[in-house]
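Heads up: the structure comes next, in structure tokens.
The values are calculated or read from the model by the stated rules, or taken from the named source; none is laboratory data. In this text the structure is predicted, and so the values were computed from the model without any measurement. In this analysis, Cβ positions are derived from the backbone assuming ideal geometry, glycine residues included, and neighbour counts consider all displayed protein chains. Ligands, DNA and RNA are excluded from the accessible area calculation, which covers all protein heavy atoms including side chains. Shrake-Rupley method; radii C 1.70, N 1.55, O 1.52, S 1.80 Å.
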Amino acid sequence: MTQLPSAIKPQRLTKRERLWRDMRRAKYLYIMLAPIVLYLIVFKYLPMGGIVIAFKDFKLGRGILGSDWVGMKNFQELFRSPDFKLILRNSIMLNVYLVVFTFPIPVILALLLNELRALRFKRVVQSVLYLPHFLSWVVLAGILIAMLSPSSGVVNRIIVFFGGEPIYFMADKTWWIVTFVVSSVWKEAGWGTIIFLAAISGIDPEQYEAARIDGASRFRQVLHVTLPAILPTVSILLILRMGSMMDVGFEHVYMLQNSYVRSVSDVFSVYVYRIGIERLRFSYTSAIGLFQALVNLVILLGTNYLAKKVSETSLF
Amino acid sequence: MTTSSRVRRGNKIRRTTGELVFDILNTLFLALFAFTALYPFLNTIANSLSSNRAIMAGEVYLWPIEINFEAYKQIWTDPYLFKAMRNTVLMTVFGTIINMFATILAAYPLSRTYFPGKKIVMVMLTITMFFGGGLIPTFILMNTLGLMNKFAGLWILSLFSTYNMIVMRTFFQGLPAELEESAAIEGANDIVILVKIMLPLSLPVLATLTLFYAVGWWNSYMGPLLYITDPEKVTLMLKLRQLLWAAQTAMQQINEEGLMDKPRVTEEAFKAAAILVSTVPIIMVYPFLQKYFVKGVMVGALKG
């Protein structure tokens, strides 16, 4: 793109002239980017500025600038509130369960799928496993709740058939957490394999060849060729995942939640919605939002720092 | 199959007994896993076609019992559901077009090697991926700008996804540079290069991202929940949620009042049918786009 005029005009340009020339050449690029930059400023950076209401007593009628400063009052109230301890605990707990149980599954699934030799069967399995990713939590939760119903649900029918007692999956606190984690596996485990399968497909076949000549069994090939090859992808994803340890998807919880299990299922997103939007406590919930975003950022940067120290892979 | 893969995998390879056992168990396991993932949908299809009595008695597993189409007839004549469907189609079609337009506008300039200011824009974008104002400040902004109860507000608010934009940018960067260079020598400007050369070569990634955006709009719940309160503009997912969960509460009441028969039984099959009807568009485009999205995700995943 920058090739042609330099051939025509060989004279030397000052720094400023060169900048002007480059900018003139890029004029259409600026026209394209202008709405994008405007959007970023208004819809991404203005709300970041709007966080100041966490330090104010925000009144809709007086606007952000007109509302009174209250310093750390919202944060003091927040840290003292029993609700905060609960949602912090639940957010961490559910995220730890999600990472421990749902993070390794796509890796294992991808390794197993990669070992399948019947390609058509492999494609069918992949299609089936990707499907739930494309459906909303409204739909998936609707199906789940019907299936897990203690009276008419299929799951409890099967449990009863084998002589068990019906389980109140949605109303029992432990079973609710199980349901939450399993539903997450259902929706995203298959989709999560794509990225690992992509990494696997990038492995040079000669590496397997060499391993075989050395007499490595298929299991050892997986262990010494496939697994090391996808490890960088795994660690990048894990670092990224650490950046959302305070987030639990709003829709996922909102759809499955009910009054019986509130004490294990209330998390930041749902709480901010209920208290902030429904009860209009804007300043208080902005303080929660800021706390959540900062903790996420700190964990992300911390993990990234650690990853850089102990291995080659890191985000930045 | 075995012979050919043996040849492909090298000449003196044979499957040991252990490997054979593993292959069989692996196939069985994945088949079972896939069936478990699919079964809830099969059960829902069966429910939607079954009699209410059979559902409540827990007789429906894989096949419809006492097959009938009452639930679908009921949906077909439900004016609210029809209106919600129409709103969602509107929101999805325009939302996707706007998303694609904005994604291209951002991805093309950022795929160029250099221009003054590129770095600033990239940094601005990257920051938004890791930090944001959060729900409440955004909500106040939407209120202040008068964007409540307008689909246009939702479209502007989620103008494009940074992740999808990076996927497209990576794809643009992967196209052969000679093509644009020769066009540039012939005097084509950036817009001509984009429209005449880059976009026609980018159909797979355009298809993939169109699918992602369209599915995103179709399924979107939180956006409409926060910003659309006018019942005239209710979307399908909001309606579906109301319908599914209202049925649940109504059922509890009926149970408590000891009325066990009619209103309760119509609900289950109706719910199943409503769920299916609201997923039909996704299920329909899914097989056609599948071959594209796997490629599209891989491009973004490996280089992004």
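A few notes on this one:
- Amide H contacts under 5 Å for A:K56: A:V70, restricted to partners 5 or more places along the chain or on a different chain, H placed in the peptide plane at 1.01 Å from N.
- Taking all protein chains together and rolling a 1.4 Å probe, A:V267 ends up with roughly 0 Å² accessible.
- Cβ-Cβ FRET estimate between B:L199 and A:K59, R0 fixed at 56 Å, reported to 0.05: 0.70
- The smallest convex shape that holds all Cα atoms of segment A:1-115, its convex hull, gives 282 Å³ per residue.
- 27 Å Cα-Cα reach of B:K196 towards lysines, excluding residues that sit fewer than 8 places from it in its own chain: A:K27, B:K118, B:K119, B:K291, B:K295, B:K303
- Take the accessible area of A alone and of B alone, subtract that of the pair with a 1.4 Å probe, and the total buried over both chains is about 8800 Å².
- For segment A:4-69, the Rg and Dmax computed from alpha carbons only, in angstrom: 21.8, 63
- Hypothetical label at A:Y260: residues of segment A:130-146 whose amide nitrogen lies under 19 Å (7 Å Cα-Cβ projection): A:141-146
- Kirkwood hydrodynamic radius over Cα pairs of segment B:52-99, then Stokes diffusion coefficient at 4 °C and 1.567 mPa s, in µm²/s: 96 µm²/s
- Spherically averaged projected area in nm², based on the convex hull that wraps the Cα atoms of segment A:111-150: 4.0 nm²
- Nearest-10 value in Å² for the accessible area of B:T36, using the 1.4 Å probe: 90 Å²
- Size of electric dipole in chain A: Cβ of Lys, Arg +1 and of Asp, Glu -1, about Cα centre, debye, nearest 20: 1280 debye
- From helices alone, chain A scores -20000 deg cm²/dmol at 222 nm; the rule is -39500 (n - 2.57) for each run of n ≥ 4 DSSP H residues, then divide by the residue total.
- Pairwise centroid distance, computed over Cα atoms, of segment A:10-53 with segment B:167-225, Å: 21 Å
- Scattering curve values for the protein assembly as shown, log₁₀ I(q)/I(0), Debye with Cα scatterers, q = 0.05, 0.10, 0.12 Å⁻¹: -0.27, -1.07, -1.46
- Of the solvent-accessible surface of the protein assembly as shown, computed with a 1.4 Å probe and all protein chains present, 67% belongs to carbon and sulfur.
- Trypsin sites (Lys or Arg not before Pro) within segment A:229-316, DSSP loop, no more than 14 other Cβ atoms inside 10 Å: A:R279
- Å² per residue, accessible surface of segment A:73-310 at 1.4 Å: 44 Å²
- Cα convex hull volume per residue for segment B:107-193 (Å³): 133 Å³
- Computed log10 I(q)/I(0) for segment A:164-316 at 0.09, 0.14 Å⁻¹: -0.49, -0.92, from the Debye equation with unit scatterers placed on every C-alpha and solvent omitted.
- Projected onto its three principal axes, the C-alpha set of chain A covers 90, 73, 36 Å, listed from the longest axis down.
- Taking a straight Cα-Cα cut-off under 22 Å and skipping sequence neighbours fewer than 8 places away in the same chain, the lysines within cross-link reach of A:K173 are A:K85, A:K187.
- Near B:M142, once Lys and Arg are set to +1 and Asp and Glu to -1 for all other residues with Cβ below 15 Å from its Cβ, the sum equals +2.
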